[in-house]
Structures are given as structure tokens and as C-alpha cells.
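Novice: If you scroll down you'll find the structure; I have some questions about it.
The values are calculated or read from the model by the stated rules, or taken from the named source; none is laboratory data. Source: prediction; values computed, not measured. Ligands, DNA and RNA are excluded from the accessible area calculation, which covers all protein heavy atoms including side chains. Shrake-Rupley method; radii C 1.70, N 1.55, O 1.52, S 1.80 Å.
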Amino acid sequence: MSADLSMARWFKSSHSGGSQDCVEVAFLADGTVGVRDSKNPTGPALAFPPHAWDAFTASVAGGMLGQLAE
């Protein structure tokens, strides 16, 4: 998916503890969700449609990602 992230308002989780090793997220007006590495804000970023982001966050909240890594 291609998205214009030039005007995105990026933020880190309040649980990041101020570390530089974080993921930043931006919610765009059309529902697209941008994700980037906080250590490289001018580097590449990913863009997800709303349904894909919702599925990802539901998997994280449900503990499913830890099961996939095992």
C-alpha cells in the first residue's frame, strides 16, 4: 500500500519509557496507519489499511504474536 506520510503526526506509546528503540505510529485522515522506526524517522515507513491494523492490534492484545514465535 502506498500512502503520503509527509504530513503524518507520529507518536510513540506512553509505555516506551523514552527509549530510542521504539516504533512510531501515525493515524491518517483516510484511516491508513503509518508505522516507522523511531531511530530512523526519515527512513522507510510502512502503511497499513485500517482492517490490517485492526487485525494486528487485536492479535497483539490477544497474545497471539507470542504464540506465533514459538
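Novice: How much accessible area per residue does the chain have, in Å², with a 1.4 Å probe?
Specialist: 72
Novice: Just to check I understand the Karplus step: with θ = phi - 60° and J = 6.51 cos²θ - 1.76 cosθ + 1.60, what whole-Hz values come out for region 50-57, glycine and proline as x?
Specialist: In residue order, the calculated couplings are x, 5, 6, 5, 4, 5, 5, 5 Hz.
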